[in-house]
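Scroll down for the structure; my scribbles are underneath it.
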Amino acid sequence: MVGSGFGNIFKIPELRKRLFYTAALLCVYRIGVHVPTPGIDAVALKSYFDSMQNTIFGVFNMFTGGALEQLSVFALGIMPYISASIILQLLTVVIPHLEQLKKEGEQGRKKITQYTRYGTVVLSIIQGFMIAAGLEGMRSPAGTQVVFDGGWDFRIMTVITLTAGTAFIMWLGEQITERGIGNGISLIIFAGIVARFPSAAGNTIRLIKQDEMSVFILLLLIIFMAGVIGIIIFFEQGQRRIPVQYAKRVVGRRMYGGQSTHLPLKINSSGVIPPIFASSIIMFPATIAQFANIEWLKSVAEYLQVGGVAYNALFVGFIVFFCYFYTAVTFNPVDVADNMKKHGGFIPGIRPGKRTAEYIDRVLTRITLGGAIYISTVCVLPTMLISQLNVPFYFGGTALLIVVGVAIDTMAQMESHMLTRHYEGFLKKGGIKGRR
């Protein structure tokens, strides 16, 4: 039973320690979301953002867990780190030095991580300065100025505060990855989205009481979200299994091999990374455009409204690109084919070596296209429909995909800890298929 599986979690000291450590750091993150940046009129700022829920700021605010609308020390969120990671991964393909570092194992990975941290600080300074300069000219719908006392003192203080906040979130994410459960960055975004549930539910109930939203629309929304969650779970667990046969070989007096197995290729091998990366790239120029007092940049921000044709076209394009890009970075068919050949494995009907690598690459390309279409559909269509229903909070397909995807990955991590120590997993029949 699932209940007995959850009960086994606390019987494993290491797993219990990792869970408590992760929960403690996520609590620290949520506390920091409510620590305000100095010099801001919180009431005027909140009234300003209340009128921008279904814009690009609604998306950005979702990823920061509500920190942006309060302009807390974590207002920039983890997006500068994600943007820096994207830039480094793209540069790895074109710069030989970075490509060599990637092949050097643990030491090379540490060096690339160090470069990513430097890039995060640089991007945070740029975004922080733009936000500080834009806040000085920002007013609430009632005409109240958001900044009490502008000038260079306010700008420098804001840049330092926001940059330090992003650096601290980056550190929290790395600590959760190393000492906690799962991918720390994804869990931080997950925590920010889930933390918005109570306020979103409260706003919805208030609108129903005020007859601004019908009960029928609410039920339709719940059914629709449940259906999307079911589709996400179905596709996240989907695999294309390539049969693999191992030849018999004699080592000394013992015979090895001869068994049949399979190579599992997930339909969505890139996980929640493509929509996160795509959102990060779209939000970076839109954020600068919104705060900078430049007319053509503001036109760009208006052009990239959530649910609009330009926004959806860019979003889908970036999702498809990052599905293929991240899959190519994390999965190398040539290495897989070489390892199979070394251990006497082959795909029936396919020659070992180059032919096997080409076959795996061809299959991976086809299923990645299917995965990209699935992610694009889940991320775009619910957002368009929800915007038509005038939902009072931003909670589209991207949020659902991140929440469900990260939950599946985290449960798979926990299950692997239990199975390695001879405990039952969450399900007696089968198991949770994580992306790792």
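Here, each number is a calculation from the coordinates, and none is a lab measurement. Bear in mind that the values here come from a model prediction, so they are computed numbers and not experimental data. Glycine gets a Cβ as well: all are built from the backbone with ideal geometry, and neighbour counts include every protein chain shown.
Overview of results
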| quantity | calculated |
| --- | --- |
| Potential lengthening between PHE321 and ILE373 on full extension [0.36 nm per residue; Cα-Cα distance subtracted] | 17.6 nm |
| Rough spin-label spacing in nm, given labels placed 7 Å along Cα→Cβ, for ASN339 and ALA200 | 3.7 nm |
| Cross-link pairs LYS17/LYS111; LYS266/LYS341; LYS111/LYS341; LYS111/LYS342 - those with Cα-Cα distance over 25 Å | LYS17/LYS111; LYS111/LYS341; LYS111/LYS342 |
| Distance (nanometres) between label positions extended 7 Å along Cα→Cβ at ARG351 and LYS110 | 4.4 nm |
